[in-house]
1. Any chance you could list P(r) for the chain, counting all Cα-Cα pairs in 20 angstrom bins from zero, rounded to whole %?
2. Would you please classify the overall shape of segment 140-210 from the alpha carbon gyration tensor, given that a ≥ b ≥ c denote the square roots of the eigenvalues, rounded means a/c under 1.5, and beyond that prolate means a/b larger than b/c while oblate covers the rest?
3. I'd like the antiparallel share, as a percent to the nearest 5, of DSSP beta bridges with both residues in the chain.
4. Let me know the charge dipole size of the chain about its Cα centre in debye, to the nearest 20, where only the beta-carbon of Lys, Arg (+1) and Asp, Glu (-1) is charged.
5. Work through the residues other than G218 whose Cβ is under 11 Å from its Cβ and net out their charges, Lys, Arg +1 and Asp, Glu -1.
6. Rounded to the nearest 500, what is the 222 nm mean residue ellipticity of the chain from helices alone, with -39500 (n - 2.57) per DSSP H run of 4+ residues and division by all residues?
7. Of I50, G80, V61, whose Cα points farthest to the positive end of the dipole of segment 46-90 (charges on the beta-carbon: +1 Lys, Arg; -1 Asp, Glu; origin at the Cα centre)?
8. Given R₀ = 35 Å, what would the calculated FRET efficiency be for L6 paired with H279, taking r from the Cβ atoms and rounding to 0.05?
Amino acid sequence: MAKRRLNKQQKWRIEKIQEERAARASRRERDIDRKLQSGELGDEQSGLIIAHFGKQIDVEVLEGEQRGEITRCHVRTNLGPLVTGDRVIWRPGADDLGVIVALQDRDSLLQRPDKFGQLKPVAANIDHIILVIAPEPEPHDNLVDRYLVAAENCDITPVLLLNKTDLLSDDNRSAINALLERYRGLGYQVEQTSVHHAPEEDSTIERLLKDRTSVFVGQSGVGKSSIIRRLLQDNSIRVGDVSESTGKGVHTTTTARLFHLGNGDLIDSPGIREFGLWHMDPEHLEYGFREIRPLIGTCRFRNCRHQAEPGCALLEAEARGDISPERMQSFRRIYTEMENSDWQQPG
Ligand code: GDP
Ligand code: ZN
């Protein structure tokens, strides 16, 4: 197909749109400045970002009479990118539009590279990443390890959750159990559930979520949406269910949203569910394999590719049994794919 050429009129329109956008941005900044200086803003107080819509942010009030309510806020560009899960300091405005004036320290930050490879924050203050796997679709070490590597590189604890235990059979049980044992052996918490179990009988997910902020990630088809849908149905106390000011429902936004469930918080977005499936550098890969991390820099050759080089600390560790053949194979496979750069981010 011939490359589409923009005609003069289209070019003019695009420029005009860009100019208007820039003008709006500077008007907004001026407006915020004016509010800050005029003293028309209320006292500083803490809040929690529960959703993000372009330049506007939904902040949950964490103190005072309005506690639990949601306020739309503007944010100054000099605060850097703010994300769902961030705790902030904000000031109420007379016109119901507050201003975020500071970002509080983050305990953790979930980041992913944008299309230029620059790390971009996605969500903050997540306590653990629940990596969902299932007997079907069959879990490939390779894919499980990619998710784990991404989690380890954000320094957020991953937990493995086997869903669809109702599909365990004599055909797949031993392979799945071996896989779970392997990850348990590496120190990962491993849990099992099925969305077909009644919540009264199976409290696995409830326990996992208790008093924490969680995200669910994993391969398509393992049951993440089913688990999340049920969690949201089971919990009548929800925050940001339907945003009044936009009328947009939960699933119409692609940005991350925070939900208060009965006993813990959930941050979710389509992007988060696929967290981890992107290009990684060898250094990130080595860091992301727990049993390889202590060996970083100990190979004889500084540029060792851990394939068949003499004095390779990884090969020696594998021979000693300190790295399982499955993990080593998975490591090598991801490593080679990264080198060949034939891994395309899905979507
Ligand atoms: P997602 O892509 O990870 O969000 O997966 P979905 O939630 O869309 O689930 C994929 C399919 O698996 C759907 O047909 C679900 O009904 C089914 N499913 C989800 N959880 C379970 C489970 O525990 N057991 C069984 N047998 N099927 C499940
Ligand atoms: Zn090596």
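Read-outs: derived from the displayed coordinates by stated rules, not from any lab. Quick caveat: nothing in here was measured; it's all calculated off a predicted structure. Neighbour counts are summed over all protein chains in view; Cβ atoms, including those assigned to glycine, are modelled from backbone coordinates with ideal geometry.
1. Pair shares across the bins are 26, 49, 24, 2.
2. Numbers: a/c = 2.27, a/b = 1.21, b/c = 1.87.
Oblate, because a/c is 1.5 or more while a/b does not exceed b/c.
3. 55
4. Using only the charged Cβ atoms, the result is roughly 1880 debye.
5. +2
6. -10000 deg cm²/dmol
7. G80
8. Values: r = 31 Å, r/R0 = 0.89.
Calculated value: 0.65.
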